[in-house]
Amino acid sequence: MQTSIKWIIRLSTLSLCFILFGIMYSGVSYADPSTQASVSGKVTDLEGFPIQDATIKYSLRYQGEETEKSVKTDGNGSYSILESVQDYTEISFIIEAEGYVTDRHRNTYSLSEGEQILVNFELYEPSTIVGSVTDQTGRPVLNALVKVTGALDRPVKTDQQGRYTVTGLDYDYNPNIAIWVDSADYMLYEQDRLNVQAGKTLIVNVVLTEAAHVRGKVVDEAGNPVSGAKVNAGSAATTDAQGNYFIKRVPTGARTITVEAAGYLKSSQNVTLVQGDHNTFNIVLKKDADITPPVTKYRLVPITDTVNGKIYIKGFTFRLQATDEVKGSGVKTTQYRINGGAWKNYEGPVKFYAPDVKVVEYFSTDVAGNQEKYNKMDFVKGTFEGAGSY
């Protein structure tokens, strides 16, 4: 009797286990191997050595939906990805490993159900540029700003000995590596096409050239400021409303400053520039002795009409063109009037029609105030007095 009870208990316990097992795994479904695709391969360095614990981030994209996942390489640098996909699922990769440049892999692969592909990755170590920055006498330049292509978002400064280090450079991202060195009282230094190689250190020592900053004021003979004057001392600047100018960074030493402004004679001044903002030159311009008036010429373009098969001229498009002498002060205004009426500024072609218009007069004035004598076109008499047509 006791034996029977024991067997009943055992059978009941076994039945209960089967029931619990069925409940636990009732929601589990197994992937159909025919819908899975696999991607595998290795991550190595440039010498072919495996890279352990590299992170392979991958994105799966299908019909606009994207899923991001990652795996790591084992001790042999190997990795394996197994995913359920539908045909034409795209996969792309980003590979990261400590001490190496991140590989944002350029290729995108298309996966199909049941497909197996092999994709190997090769990582390289970042490049480094080191060096010193000195002036022309060999003295170190402190706190000079050093920028390098690929590291422009993290410029560095030289230390107390003028030394700098820029590392983490990805030469493959931009093989034309360039360097800029910037310090306030020196000319900007630029050098491109540096021979940077993966995982190696390049030494670039820089010698900066002293720079001068030039400032001053431009006035006329009465002491009034001249605005809009062009000042050139190797680089150019334009004076402001108070006649002031400022030119940054031109080489030191002997130089000629030239100043030009409309209505004034050109000025030239020989100076010696020293390093820094210690070069102030105020310049006086003389009025241009322009005594020659401008010359205005005309052009008449017929406006025609056809009546009974015949072409008639019913008016003209009237154009004017004014010029000043080569070294003149320049044309300021051109004016005209019709039939002795009010003078108007010429701003573009004018149309007039016969017989309304009998006499047209016009003239120009230059910046120096020289006024041209009147040009006169008398359509009634058929006479034209003045500079003629163009």
DSSP bridge pairs, region 123-215: antiparallel proportion in percent, nearest 5: 75
Length-normalised contact order of the chain in % [C-alpha pairs under 8 Å, at least 6 apart]: 9
Region 175-226: GluC sites (Glu not before Pro) in DSSP coil with no more than 12 other Cβ atoms inside 10 Å: 221
Spread of Cα-to-Cα distances over 10 Å intervals beginning at zero, given as percent, for region 150-303: 9, 27, 20, 17, 14, 8, 4, 1, 0
Among 199, 75, 216, residue whose mean-square fluctuation peaks in a GNM of the chain (springs only between Cα atoms under 10 Å): 75
In degrees, nearest ten, helix 2-24 long axis to first principal axis of the chain (Cα): 10
Selected from 257, 276, 225, residue furthest toward positive end of dipole (region 211-315; charges at beta carbon): 257
Net +/- balance of residues flanking residue 66 in space, Cβ distance below 14 Å, scoring K and R +1, D and E -1: -1
Relative contact order of region 118-225, defined on C-alpha pairs under 8 angstrom at six or more residues apart (%): 31
The chain: most fluctuating residue of 56, 313, 129 per GNM, C-alpha cutoff 10 Å: 313
Low-density loop positions, chymotrypsin sites (Phe, Trp or Tyr not before Pro), region 307-345 - DSSP coil, at most 15 other Cβ in 10 Å: 343
Formal net charge of residues neighbouring residue 367 (Cβ-Cβ distance under 11 Å; K, R +1; D, E -1): -2
Residue among 359, 231, 181 with the largest mean-square fluctuation in a Gaussian network model of the chain, springs linking Cα atoms under 10 Å: 359
Overall Cα dimensions of region 255-314 - principal axes, largest extent first, Å: 83, 29, 14
Estimated dipole of region 91-245 in Debye, rounded to 20 [Cβ of Lys and Arg +1, of Asp and Glu -1, Cα centre]: 540
At 0.692 mPa s and 37 °C, Stokes diffusion of the chain via Kirkwood alpha-carbon radius, µm² per second: 106
Rounded to the nearest 20 debye, dipole of the chain from Cβ charges on Lys, Arg, Asp, Glu: 1900
Listed residue (127, 293, 75) projecting farthest to the positive dipole end of the chain, Cβ model: 293
Computed magnitude of the charge dipole of region 278-364 (debye, nearest 20; Cβ of K, R +1, Cβ of D, E -1): 160
Positive-end residue, the chain charge dipole about Cα centroid, Cβ charges, pick of 352, 201, 145: 352
Inter-centroid distance (Cα atoms) of region 271-349 relative to region 41-69, Å: 70
Set 327/373; 266/351; 287/351; 57/200 screened for pairs whose C-alpha atoms are more than 29 Å apart: 266/351; 287/351
Computed label-point distance, nm, for sites residue 109 and residue 353 using a 7 Å Cα→Cβ extension: 8.0
Contact order normalised by residue count of region 195-312, Cα under 8 Å, 6+ apart, percent: 25
Between region 180-250 and region 78-141, the alpha-carbon center distance in angstrom: 40
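Rule-based calculations on the coordinates, nothing more; no lab input. Keep in mind the model is a prediction, meaning the values are calculated, not measured. Cβ coordinates were reconstructed from backbone atoms using ideal geometry, including for glycine residues, and neighbour counts include every protein chain displayed.
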